[in-house]
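Novice: Take this structure first; my questions come after.
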Amino acid sequence: MNPPVEPSRPSSGGHGAVLTAGDLALLGAVLDRLLPGDGTMPAAGDTAAAAAVDRYLAESPALRPPVLAALARIRVAAAGHPDGFAGLDGDGRDGVLRSVETDAPDAFDALLVQAYTGYYSDIVVQRALGLPSPLQPTGYPAMMQAPFDERRLDRVRATAKPWRTA
Amino acid sequence: MAEPGPDGVSAPADVVIVGAGASGAAAAWALARAGLRVVVLEQGDWIDPSAYPQNRIDAERFRQSVFNRDPNVRRLPEDYPVDVTDTPVDPLMFNAVGGSTIHWSGHFPRFRPSDFRVRSLDGVGHDWPLDYWELEPYYEANDAAIGVTGLNGDPANPPRLPRSDRPLPLGAAGEAVVGGLERLGWHWWPSDVAMITAPRDTARAACNGCGPCDLGCPVGAMSSAHVTYLPDALALGAELITRARVRELTVDDTGLVDGVVYYDRDGHLQVQPARVVVLGANGVGTPRLLLNSVSARFPGGLANSSDQVGRNFMFHPVATVKGIFPQRLDTERGPNGALLHSQEFYETDPDRGATRGFTLQVVRHDLPLGLALGDGPGKRLPWGAAHHEAHRALFSHGVTVVVIAEDLPEAHNRVTLSPTETDGHGIAAPKVTYTLSDNSRVLLEHGVARATELLEACGAHTVTVDPFTRVSGWHLMGTTRMGDDPATSVVDRWGRCHDVGNLFVVDGSVFVTSAPVNPTSTIQALARRSADWLIEHFEEVAR
């Protein structure tokens, strides 16, 4: 098993293990529409989610066909603009994604699962949620030290139906 | 054409145990302690503690792959497929040293005395050939050996000794649910959990509440077989062979089992002779192995003259009901699978229109990726601008009530051999055929209604329901039923096969009925009871 994954920097234009530089640029733009920032949570493009998705595809070849198909569908759907998906404004990008979601639901869902996985596996996101990242060895030891107040069970002790004799 | 002979034959063992999970490990420890030469064959490997997903920031991702509960999803070399074309519930299991006790909540309730007498009391199912009181000392000994948190004194269950470890804290989620239970006046009690809250030895630290127990416990706080019985069994001289895929049990001219044939980690066929064989391969793996062990003397499978091997398969039918609360409940913190339970509806109530009952088990289950993907009774969260608001409403704000209904034995619910699927060694895979009975369906409906009532009484503003959860087949029971009559059961009251006097079954296959509670404490108590009987009668029954 590999050591804990540290956050990698957002893609800076190079190709990934599976995805081309163009794929990664498109994926990054897509991720920002799927998971935009909102002041509390970071936008996916400000995390290492795109690089993580590329890594998942490298580790699990079975994931590649639907995810690559989704990216291809997005390219086709955005082909009406000379700059493709990147040339569209926010509403235009969302419209493209909705059309792919409708026309190729399985491929789109496969992409969405990997997008969510990459995003919520990112240290920046986890810290924004207040999680120890990773969960071990930190855990929540203070919570586990809290005593159990047995007086909470007084009513049950007094009124519960006894076990049935047999 | 005759099959090629084995590549190797090992020195005979007194006892060969198939499976290094909850039951096999408990039996191995007891038998090794008695001085018997024990060999344990396990198709999985040891899991390096550093390999558990909680050590990684992408821990949840592994639920989708190598740490998934479903062997049909994992598809690792040590897994075998399960043909699920005719079951609405997926059987879940884990193949490694420690077995499915790696992938569990550790929820550790006992059966009640009434659970052993369902025919006498309620006119359904069958009575067990033993009663609660015969098993009670083994429950106690098992709890003490492995470490169990909890609190004695529950009036709804027979008395038990003080638990080895203090009960788990309720936390904000528990306090919210207890508030509802108190308003409704229902029974509740902190769950007995196979876990330690104080360090036990150098290999087992106290639980630090990291959360997803179902991914295994990196610190050894969960009282899983690979950190309890197995190390002690090995210290006592037991031998463990990993990545050993047993193909079949073999018999001698007298009809006694004389050993097992297995594929080793390099794919070579090996023979392990034995004077006694013990099966602890779970309620699917054990009947599969018996049905695959065909010989001239046992053409219908080993120990199957009654045609009962594989029949009476029981899951616990499960519904999951989730409440979303306005306040933060910290449900991402603390052991996720065992917070507290209510046994208010445990026994038969004629007004329900169904026999027997159910337990309401309250669990935490709120890690961020699972919420986004819609795990449990949820749905994929929306993408786009609405995503974070939807996620914030759920994350740390949800409590799940799991409805666990008692399943009754039915002959048509069964494990057979798949006509189409095999494992990586070409051995026929098991096929599970299961239909939810009308009785179980009614129990689940009542359970969903009561769980919803509870969550609303606690203050949940939204309740979502999965009325019959597919990915819930953790408890695999009944497929080599225990009984006094060889015509209607496979093993006797000691787990000894009626047809083959030196063959024992110690896993959940021997259950006569299922009770509406998690089975592992009963499985391990029965395994230790069988082992004690075998030790006392070894020379009588051994080949």
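Novice: Please give the Cα centre distance for the stretch B:234-255 versus the stretch B:257-287, rounded to the nearest Å.
Specialist: 4 Å
Novice: Answer rounded, prolate or oblate for the stretch B:171-244, using the Cα gyration tensor with square roots of eigenvalues a ≥ b ≥ c: rounded when a/c is under 1.5, else prolate when a/b is larger than b/c, else oblate. Show your work: numbers first, answer last.
Specialist: On the way: a/c = 2.99, a/b = 2.64, b/c = 1.13.
Prolate, because a/c is 1.5 or more and a/b exceeds b/c.
Novice: Ignoring solvent entirely, what values of log10 I(q)/I(0) come out of the Debye formula for the stretch B:94-145 at 0.18 Å⁻¹ when each Cα is a single scatterer?
Specialist: Log10 I(q)/I(0), no solvent term: -0.77.
Novice: Within chain B, what percent of beta bridges assigned by DSSP are antiparallel, to the nearest 5? Spell out each step's value before the answer.
Specialist: Values: 47 of 70 bridges.
Just about 65 percent of them are antiparallel.
Novice: Turning to a different aspect of this structure: Hey, what does the equivalent ellipsoid look like for the protein assembly as shown, semi-axes from the Cα gyration tensor as sqrt of 5 times each eigenvalue, largest first, whole Å? Walk me through the numbers on the way to the answer.
Specialist: Values: eigenvalues 374, 198, 107 Å².
One finds semi-axes of 43, 31, 23 Å for the protein assembly as shown.
Novice: Next question. Over the Cα atoms of chain B, compute the convex hull volume and normalise it per residue, giving Å³. Kindly include the intermediate steps, with their values, before the conclusion.
Specialist: On the way: hull volume 75.9 nm³, N = 543.
Considering the Cα atoms of chain B, their hull volume per residue is 140 Å³.
Novice: Given just the C-alpha atoms of the stretch B:44-185, how large is their convex hull per residue in cubic angstrom? Working shown, then result.
Specialist: Numbers: hull volume 30.2 nm³, N = 142.
Cα-based convex hull of the stretch B:44-185, divided per residue, equals 213 Å³.
Novice: Follow-up question, since we're still on this one. Taking the stretch B:409-478 on its own, what percent of its Cα-Cα pair distances exceed 21 Å? Please report the intermediate quantities before stating the final value.
Specialist: Numbers: 1169 of 2415 pairs.
Distances greater than 21 Å cover 48 percent of the Cα pairs.
Novice: What's the ranking of B:342-351, B:186-195 by average number of surrounding C-beta atoms within 10 Å, highest first?
Specialist: My ranking of the peptides, most packed first, is B:186-195, B:342-351.
Novice: Dipole size in debye (nearest 20) for the protein assembly as shown around its Cα centre, Lys and Arg Cβ +1, Asp and Glu Cβ -1? Don't skip to the end; give the middle numbers.
Specialist: Numbers: 61 positive and 85 negative charges, 168 e Å.
For the protein assembly as shown, the charge dipole is close to 800 debye.
Novice: A follow-up question, please. Take every residue in peptide A:144-156, count the Cβ atoms of other chains within 10 Å of its Cβ, and give the average of those counts.
Specialist: Working: counts 13, 5, 6, 4, 11, 3, 4, 0, 9, 9, 0, 5, 14.
Other-chain Cβ atoms within 10 Å of each residue's Cβ, averaged: 6.
Novice: Name the shape class, rounded, prolate or oblate, that the alpha-carbon gyration tensor gives for the stretch B:127-230, where a ≥ b ≥ c are the square roots of its eigenvalues, rounded holds for a/c under 1.5, and otherwise prolate holds if a/b is larger than b/c and oblate otherwise.
Specialist: On the way: a/c = 2.14, a/b = 1.06, b/c = 2.01.
Oblate, because a/c is 1.5 or more while a/b does not exceed b/c.
Novice: Same structure, new question: Would you order A:Leu71, B:Leu526 from fewest to most other beta-carbon atoms within 10 Å of each residue's own beta-carbon?
Specialist: Values: A:Leu71 22, B:Leu526 30.
Listed from fewest to most nearby Cβ atoms, that is A:Leu71, B:Leu526.
Novice: Of B:Gly5, B:Ala390, B:Gly426, which is farthest on the positive side of the dipole of the protein assembly as shown, counting Cα position, with +1 on Lys and Arg Cβ, -1 on Asp and Glu Cβ, and the Cα centre as origin?
Specialist: Value computed over the given set: B:Ala390.
Novice: Right, another one. Between B:Val9 and residues 5 or more places away or on another chain, which pairs have amide H atoms under 5 Å apart, with H built 1.01 Å from N, and which residues are they?
Specialist: Counting only residues 5 or more places away or on other chains, the set is B:Val271.
Novice: Explain nothing, just compute: Karplus ³J(HN,Hα) = 6.51 cos²θ - 1.76 cosθ + 1.60, θ = phi - 60°, for every residue of the stretch B:345-358 in order, whole Hz, x for Gly and Pro.
Specialist: Per-residue couplings from phi come out as 10, 6, 9, 4, 10, x, 5, 6, x, 8, 9, 6, x, 8 Hz.
Novice: Here's another thing I want to ask about it. When all C-alpha to C-alpha distances in the stretch A:21-138 are sorted into bins of 5 Å, what percent of pairs does each bin hold, rounded to whole numbers?
Specialist: Computed distribution, short to long bins: 2, 12, 21, 23, 19, 12, 6, 3, 1, 0, 0.
Novice: Let me ask something additional. Tell me, what ³J(HN,Hα) does each residue in the stretch A:105-121 have, in order and in whole Hz, if you take phi through Karplus 6.51 cos²θ - 1.76 cosθ + 1.60 with θ = phi - 60° and put x for Gly and Pro?
Specialist: For the stretch A:105-121, the Karplus curve yields x, 5, 5, 5, 5, 4, 5, 5, 4, 5, 5, 4, 5, x, 5, 7, 9 Hz.
Novice: Counting only DSSP beta bridges with both residues in the protein assembly as shown, what percent are antiparallel, rounded to the nearest 5?
Specialist: Values: 47 of 70 bridges.
In the protein assembly as shown, DSSP labels about 65 percent of beta bridges as antiparallel.
Novice: Given that compact globular proteins tend to follow 2.2 N^0.38 Å, what is the ratio of the alpha-carbon Rg of the stretch A:113-165 to that value?
Specialist: Numbers: Rg = 20.5 Å, N = 53, 2.2 N^0.38 = 9.9 Å.
Taking N as the residue count of the stretch A:113-165, the ratio is 2.06.
Novice: Have a look at B:Met314, B:Gly211, B:Gly280 and report the one farthest towards the positive end of the charge dipole of the stretch B:197-322, computed about the Cα centre with Cβ charges (Lys/Arg +1, Asp/Glu -1).
Specialist: Farthest towards the positive end: B:Gly211.
Novice: I've got another one for you. Could you tell me the relative contact order of chain B? Use alpha-carbon pairs under 8 Å, at least six residues apart, and round to a whole percent.
Specialist: 23 percent
Novice: Give the lysines reachable from B:Lys379 as a straight Cα distance under 24 Å; neighbours fewer than 8 places away on the same chain don't count.
Specialist: B:Lys322
Novice: Provide the per-residue ³J(HN,Hα) series for the stretch B:52-63, in order, calculated from phi with Karplus coefficients 6.51, -1.76, 1.60 and θ = phi - 60°, each as a whole number of Hz, with x at glycine and proline positions.
Specialist: 5, x, 4, 7, 10, 6, 9, 3, 5, 4, 6, 5
Novice: On each of the three principal axes of the Cα atoms of the stretch A:40-79, give max minus min coordinate, whole Å, ordered largest first.
Specialist: The Cα atoms of the stretch A:40-79 stretch 32, 29, 11 Å along the principal axes, largest first.
Novice: Continuing with this model, one more query. Which value, in debye to the nearest 20, gives the size of the charge dipole of chain B about its Cα centre, when Lys and Arg are +1 and Asp and Glu are -1 at the Cβ? Kindly include the intermediate steps, with their values, before the conclusion.
Specialist: Working: 46 positive and 66 negative charges, 203 e Å.
The calculation lands at about 980 debye.
Novice: Taking other Cβ within 10 Å of each residue's Cβ, how do B:Met222, A:Met41 sort, fewest first? Spell out each step's value before the answer.
Specialist: Values: B:Met222 29, A:Met41 21.
Ranked by crowding around the Cβ, least crowded first: A:Met41, B:Met222.
Novice: Can you sort B:His387, B:His412, B:His107, A:His81 so the residue with the fewest Cβ neighbours within 10 Å comes first?
Specialist: Values: B:His387 20, B:His412 11, B:His107 27, A:His81 14.
Exposure proxy ranking, most exposed first: B:His412, A:His81, B:His387, B:His107.
Novice: As a test of the formula, what do you get for chain A when each DSSP H run with n ≥ 4 contributes -39,500 (n - 2.57) and the sum is divided by the residue count, at 222 nm and rounded to the nearest 500 deg cm²/dmol? Present the calculation step by step, with values, prior to reporting the outcome.
Specialist: Working: 8 runs with 85 residues, N = 166.
About -15500 deg cm²/dmol.
Novice: Computed over the Cα atoms of the stretch B:386-505, what is the ratio Rg over Rh, Rh following Kirkwood? Mind showing how you got there, number by number?
Specialist: Values: Rg = 21.0 Å, Rh = 18.5 Å.
Ratio value, two decimals: 1.13.
Novice: Taking H placed 1.01 Å from N in the peptide plane, check which residues at least 5 places from B:Glu248 or on another chain put their amide H under 5 Å from its amide H.
Specialist: B:Val261
Novice: Which of the listed residues, A:Ala29, A:Ser99, A:Leu135, is farthest toward the dipole's positive end in the stretch A:21-138, when Lys, Arg count +1 and Asp, Glu count -1 at the beta-carbon?
Specialist: The one lying farthest along the dipole's positive direction is A:Leu135.
Novice: What is the dipole size for the stretch A:21-138, taken about its Cα centre, with +1 at each Lys and Arg Cβ and -1 at each Asp and Glu Cβ, in debye to the nearest 20?
Specialist: Working: 8 positive and 15 negative charges, 43 e Å.
Here the stretch A:21-138 has a charge dipole of around 200 debye.
Novice: Given Cα pairs under 8 Å that are at least 6 residues apart, what percent is the relative contact order of the stretch A:21-138? Walk me through the intermediate numbers first.
Specialist: Numbers: 115 pairs, mean separation 35.9, N = 118.
Worked out over the stretch A:21-138, it gives 30 percent.
Read-outs: derived from the displayed coordinates by stated rules, not from any lab. Worth saying up front: this structure is predicted, and the values here are computed from it rather than measured. With ideal geometry, Cβ positions are generated from the backbone for all residues, glycine too; neighbour counts draw on all protein chains shown.
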